[in-house]
Amino acid sequence: MKPIALVAALAFLMAGCGPGEENRDFKPVLVFGMEGSLRGWFNQPQDVAADSSDNLYVADYANHRVQKFDRNGKFLETWGRFGSGPGEFSYPKCLEIAPDDRIFVGDQNNSRIQVFDPKGNLLIVWGGRGSAPGRFRDTLDIAVGPDRNVYVADTHNARIQVFTANGGFLRSFGRGGQGQGEFDGPFGIAISRDGVVHVSDTFNHRIQCFTPEGVWLRMWGGEGERPGQLKFPQKMAIDPDGRVWVADSYNNRIQCFTTEGHLERVIGRMGDTPGSFNTPFGVSVGTGGRLLVADTWNHRVQVFRIGKGVVP
């Protein structure tokens, strides 16, 4: 049985929906993957990202590898295996692709960052388990800012750490708690073009925003199932129009907000048909106005057309 490579024509854009309304039936233009360990198959994919050529990279979490596909979901190559040595993974949770197409992978249970070129050649490793500066207790998301610095969600140390592109420690911010600027399990991070750092404060069910130096700006969300509320939000992506797309994982949907936290759209529902989700953990923006979603417990990737200036 071959991996799914389902291409569906986008029938229409729900242009008549006003801000904040739901569009649960927005359909993907591409779906690929299925559960398994063969090439092109996935076991709980946690993240997906695109390089400058729109090749797609998937953090194939429980298969302990990264897989690479072309923009149409055709398998190209894979690297990694279970272990703690260089180039090996113990549950790769997240990946981020820098402007120079270097691939930063958060190697969760090894509590480190590994950096590869697009062919899977290992370039840099840093981190290790601990709470000292530059050490981690699970690396669950990574973002490269417009300043080219690398921001890491150091989840169980309840902080964000900031590094140079080569792993030199710069600073950190955050601590455990429920107050303003405090975290209970930061699982996601995304940075807008103006440098605002958005953090998914997962167990507090909210998004918090900071300056690059860690000064608190604002927050939104709150636990619940209504539009605009969140339930264990995971990764985020910010598109060229500045819209913030949040993997609202345990509500089985993707929510779209302005950078100020105003809800624009809700897409998806619980299910396994195209356009529905089962606990989506990863979301990113590719080239050409494409939204990429790691539909984790459906063991697949879905791709949606959002376009510049277009909200589904």
What residue among 90, 53, 172 has the largest mean-square fluctuation in a Gaussian network model of the chain, using Cα springs under 10 Å? 53
4 °C / 1.567 mPa s Stokes-Einstein diffusion coefficient of the chain, Kirkwood radius on C-alpha pairs, µm²/s: 69 µm²/s
Gyration tensor (alpha-carbon) shape descriptor, region 49-94, a/c threshold 1.5: prolate
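Equivalent-ellipsoid semi-axes (√(5λ), Cα gyration tensor) for region 195-312, whole Å, largest first? Show your work: numbers first, answer last.
Details: eigenvalues 93, 58, 28 Å².
Working from the Cα gyration tensor, I get semi-axes of 22, 17, 12 Å.
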Tell me the label-point distance for the pair residue 38, residue 101, using the 7 Å Cα-to-Cβ offset, in nm and rounded to one decimal. 2.9 nm
Identify which of 58, 196, 246 has the largest mean-square fluctuation in a Gaussian network model of the chain, with springs joining Cα atoms closer than 10 Å. 196
Set 68/231; 93/231; 93/119, cut-off 21 Å on Cα-Cα distance; pairs above it are 68/231
Name the most mobile residue of 33, 85, 174, meaning the one with the largest mean-square fluctuation, in a Gaussian network model of the chain with Cα contacts below 10 Å. 85
Using the Cα atoms of region 89-212, I'd like the radius of gyration and the largest Cα-Cα distance, Dmax, both in angstrom. 13.3, 43
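So for the chain: antiparallel DSSP bridges make up what percent, rounded to the nearest 5?
Within the chain, antiparallel bridges account for around 90 percent of the total.
Divide the volume of the convex hull of the Cα atoms of region 260-299 by its number of residues and quote the answer in cubic angstrom per residue.
Values: hull volume 4.0 nm³, N = 40.
Once divided by residue count, the hull of region 260-299 is 101 Å³.
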Along principal axes, largest first, the alpha-carbon spread of region 140-247 in whole Å comes out as 41, 32, 22
Here the gain from full extension of residue 29 to residue 131, 0.36 nm per residue of separation minus their alpha-carbon distance, amounts to 32.4 nm
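Looking at region 205-312, which GluC sites (Glu not before Pro) are in a loop (DSSP not H, G, I, E or B) and have at most 15 other Cβ atoms within 10 Å? Write out the running numbers ahead of the final one.
On the way: sites: 213, 223, 225, 260, 264; in loops: 213, 225, 260.
Counting only loop positions with at most 15 other Cβ atoms within 10 Å, the GluC sites (Glu not before Pro) in region 205-312 are 213, 225, 260.
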Scan around residue 218 for amide H atoms under 5 Å from its own, H built in the peptide plane at 1.01 Å from N, and keep only partners 5 or more places away or cross-chain. 209
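Any read-out appearing in this document is the output of simple, stated calculations on the displayed coordinates, not a laboratory observation. Bear in mind that the values here come from a model prediction, so they are computed numbers and not experimental data. FYI the Cβ positions are ideal-geometry reconstructions off the backbone, even for glycines, and counts take in every protein chain you see.
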